[in-house]
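Read the structure below first, then the notes.
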Amino acid sequence: MINGSCCCGAVKFELLNQPSMMGTCHCSRCRKIGASTIVFVKKEDLRWLQGQEHVQLFQPEPPYKYGRCFCKLCGTSLGEILSDSDSFPIAANALDSELGLKNSLHEFVDEKPSWYDICDNAKQSKGHPMSS
C-alpha cells in the first residue's frame, strides 16, 4: 500500500497498487501549481481515508482542459485526484511512501525554464508524448 496526504494532513488517501508510471511536465501551468512530477494511477486503486471534502477543483479556461485539484486548507497540489477517468495523474509530491518507480518521461520540454537542467535519461517530448 502507498500512502498519500496533503501538507496539513486533512486529506489522506492510499493507493492499493503501484502507479503505472511517473513523468515530469515542464509546462508553465504544472510548474505554477507545484505538480510537475506526476504518477499515473487507476481509479480502482485509489482509496480515500479522509478529507475528500477538503479537495478543491480548479477548472481552467479553454483552451486548457485538465482541471487541477488541491487541498483547500493548505494548498497542496493533488493533480487530477477527483477525476472520473479510469486512469489519471496525481502529484507525486502528495505521496508519503517510497515508490519503485523512476521518472520515465519529460513533456513540454520547450517550456522548461533555463535554470532547470534535466538530469536523467528519460524520454523527452515537446508536448504530450502521444501527440509529439
Quiz item: In nanometres, what is the gap between the two model label sites at W48 and S104, each 7 Å from Cα along Cα-to-Cβ?
Solution: 2.9
Quiz item: Considering every pair of different Cα atoms, what Kirkwood radius, in Å, is found for the range 58-132?
Solution: 14.7
Quiz item: Once phi is turned into θ = phi - 60°, what whole-Hz ³J(HN,Hα) does the Karplus curve with 6.51, -1.76 and 1.60 give for every residue of the range 36-49, x standing for Gly and Pro?
Solution: 5, 9, 10, 10, 9, 10, 8, 3, 5, 8, 8, 10, 6, 9
Practice problem: Give me R47, R29 ranked fewest to most by other Cβ atoms within 10 Å of their Cβ, as a rough exposure proxy. | Solution: R47, R29
Exercise. Once you've got the Cα coordinates, tell me which of K32/K72; K32/K112; K12/K126; K43/K126; K43/K123; K65/K102 are over 23 Å apart.
Key: K12/K126; K43/K126; K43/K123; K65/K102
Exercise. Amide H neighbours of H106 under 5 Å, at least 5 residues apart or on other chains, H built in the peptide plane: list them.
Key: T24, K123, Q124, S125
Self-check item: In sequence order, calculated HN-Hα J values of the range 115-120 (Karplus, 6.51, -1.76, 1.60; Hz; x Gly/Pro)
Solution: 7, 9, 9, 7, 10, 9
Quiz item: G127: net charge of surrounding residues, Cβ under 12 Å, Lys/Arg +1, Asp/Glu -1, itself excluded?
Solution: -2
Quiz item: Can you run phi through the Karplus equation (6.51, -1.76, 1.60; θ = phi - 60°) for the range 86-103 and list ³J(HN,Hα) in whole Hz, with x for Gly and Pro?
Solution: 5, 9, 7, x, 10, 5, 4, 5, 8, 8, 8, 8, 5, 10, x, 10, 10, 4
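A short reminder: the numbers here are calculations on the coordinates, not readings from a lab. Because the structure is a prediction, the values reported are computed rather than measured. Glycine also receives a Cβ, built like all others from the backbone with ideal geometry; neighbour counts cover every protein chain displayed.
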